[in-house]
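Contents: one structure, followed by commentary.
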Amino acid sequence: MFAFTNWSAFSKTIDFNGLDNFRDLFQSGTLTRDLRTTFIYAVLVAIFQNTFGLILAVFLEEDTRLNRFARVMFFIPVIMSALAVGYIWQAVLKTDGALNSLLSLISGANVQIAWLGSPVWTLVLVAAIHGWKWMGLSMLIFLAGLKTIDPDVLEAASIDGANRRQIFWKIKFPLLAPAFTFNVATALLGSMNGFDIVQATTAGGPGGSTEILNIFVWRTFGKGLYSQSTTMSLVLFVMVTAVALPLIWFLRRREAKTL
Amino acid sequence: MSSATYGAAPKVNDSVAVNKMSKTHVIVHAILVVVVMLLLLGIPFWLLIVTAGKSQAEAINPNMSLPSHWQLLENFRTVITDGKMVSAFFGSVLVTVPSVFLALLFGSMAAWVLARRTTKPMAIVYALSISGLILPPAVVTVMMLLKMTGLSGTIPGMIGVYVGIYLSTVIFFVTGFIRTIPVSLEEAARIDGAGPARIFFTIVLPLLLPTLSTATILVTLYIWNDVFYSLFILSGKVNLLPLNLYNVASAGLYLNNWHLIFAYIILMSLPLLIVFAFAQRKIISGITGGAVK
């Protein structure tokens, strides 16, 4: 079954392509640029998603009614379509969109910031949106991690005079390691294969600065350049494999430890 | 993690925390929670609802103000007919339900075998199976393959692709769990004369329900909301909800028609939101229970 989706198809691409496509893409600079963009995007998403998720988890750790309600609300973006999330944020961040009009209202001046117009910061913003969509899931997994911490350990620490900050950084944070592995891995892999959010907010712009590999695959595919599109998909495959193999090893080792 | 510590932990955790928290602290915390929710969730969702209720002229520059008169229902009606939402909804259901079902069934069957046989070749097969968790499918080549077999642009083709993609997720989730089930249960059944199929369906499968629920939730979310693979494979021949949203939003006709895009988003999110509203406790505990083993 797995062979059907990947391996046989994979070997076929080599037969079809030759190395010309690679050379073309490499020489035009698209390949290196898109690779770099994808990689930066994935790292940023992993950072955003886990920082947001961890802050929320610590913030909503206690089981009060309000916190429980907030957890449910923060999970709503997770179940929404990524495409929809992208469009909503595009409307918020447009130059004449909601955020600027809100800022104008507060400051009294006419704010005209092109949030999605900067070649440098747009990528960061889009990664933050991706993080926003998935932070609810990270939050839940961190919460589950926090719940598995043995309360005796926490009690011992507080008897020994540790303050809340010390308890968090010295005890809870290290014990969250398994939840971290899971979250970082899923965030990295999800964003490397990302498409919808970027397509909906910027479609790769401005000037190709947010063009991650899957956007390129779709764009060239739309133009009928199947071979280029395939080449890029292959590059993505190789890149993810390079990141994934150590990760698989890591996940498997963890699994062996818990058994 | 044993179930005993899991059940007891929150209680004691609470009492430790309560001892340290003063009453003002609790109130400040509650206010902060509300503020954070308003900032992070309130703004986008408010914008979504308000804009979906506006007329075209008002919605060209989406902002937070209330519409001069609500025409949410008219907008809904427009997108339902123009966006072919009814057939898209059934298309999505027809693709998602069999895909999830087959991925879970085959995935747990494979996982059972992979977990019980501990020979070296099996370990390799397992590593290969879960590597699909991480490796991206080569979309274009898959599409060409489907074209050759005449399956591209059809619902069965799409189902096949999704099952292939998410099988590894299911195998990964389930294998670890099966290893924690004592083999003696199955041996007892085998001695009583049950065949492998009977053992699987009457003994193993019911025990798998907690993990399978986690896997169901995640895989359903992925498939229901996916656009990337369906864009390639269906190429506009079948209506799916996210696909039609993409078409509605990128068609020149609808450019800047935020009120329609947002009306579509609200309607499209409703089915999963309704399911979530009814089963949120189960879903949340399902995810947290299955992910951190």
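The values are calculated or read from the model by the stated rules, or taken from the named source; none is laboratory data. Since this is a predicted model, take the numbers as computed values, not measurements. Heads up, the Cβs are rebuilt from the backbone with ideal geometry, glycines too, and the neighbour counts pull from every protein chain shown.
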For this session: Kindly list the number of the only condition in (1) more than 14 Å from the chain's Cα centre (by Cα); (2) more than 11 Å from every other protein chain (Cβ to nearest Cβ); (3) not hydrophobic (A, V, I, L, M, F, W, C) that fails for A:Pro178.
Result: (2)
Problem set entry | Residues of the range B:82-108 classified as aliphatic (A, V, I, L, M) and surrounded by 19 or more Cβ atoms within 10 Å (Cβ to Cβ), total | 6
Problem set entry | Test result for A:Leu31, part of a helix (DSSP H, G or I) and modelled with pLDDT under 80 | yes
Exercise. Only one residue in B:Val174, B:Val163, B:Val204 is closer than 23 Å to B:Val275 by Cα and either part of a helix (DSSP H, G or I) or more than 14 Å from chain A (Cβ to nearest Cβ) (or both). Which one?
Worked result: B:Val163
For this session: Looking for whichever is of a type in the set (Val, Ile, Thr), more than 10 Å from every other protein chain (Cβ to nearest Cβ) and under 20 Å from A:Trp249 (Cα atoms) here; the options are A:Val198, A:Val184. Which one fits?
Result: A:Val184
For this session: Determine if the range A:186-206 includes at least one residue that is among the charged types (D, E, K, R), under 25 Å from B:Ile283 (Cβ atoms) and modelled with pLDDT of 75 or more.
Result: yes
Problem set entry | Single residue of A:Leu146, A:Leu125 found to be buried (at least 17 other Cβ atoms within 10 Å of the Cβ), more than 9 Å from every other protein chain (Cβ to nearest Cβ), part of a helix (DSSP H, G or I) and over 10 Å from the mean Cα position of the chain (by Cα) | A:Leu125
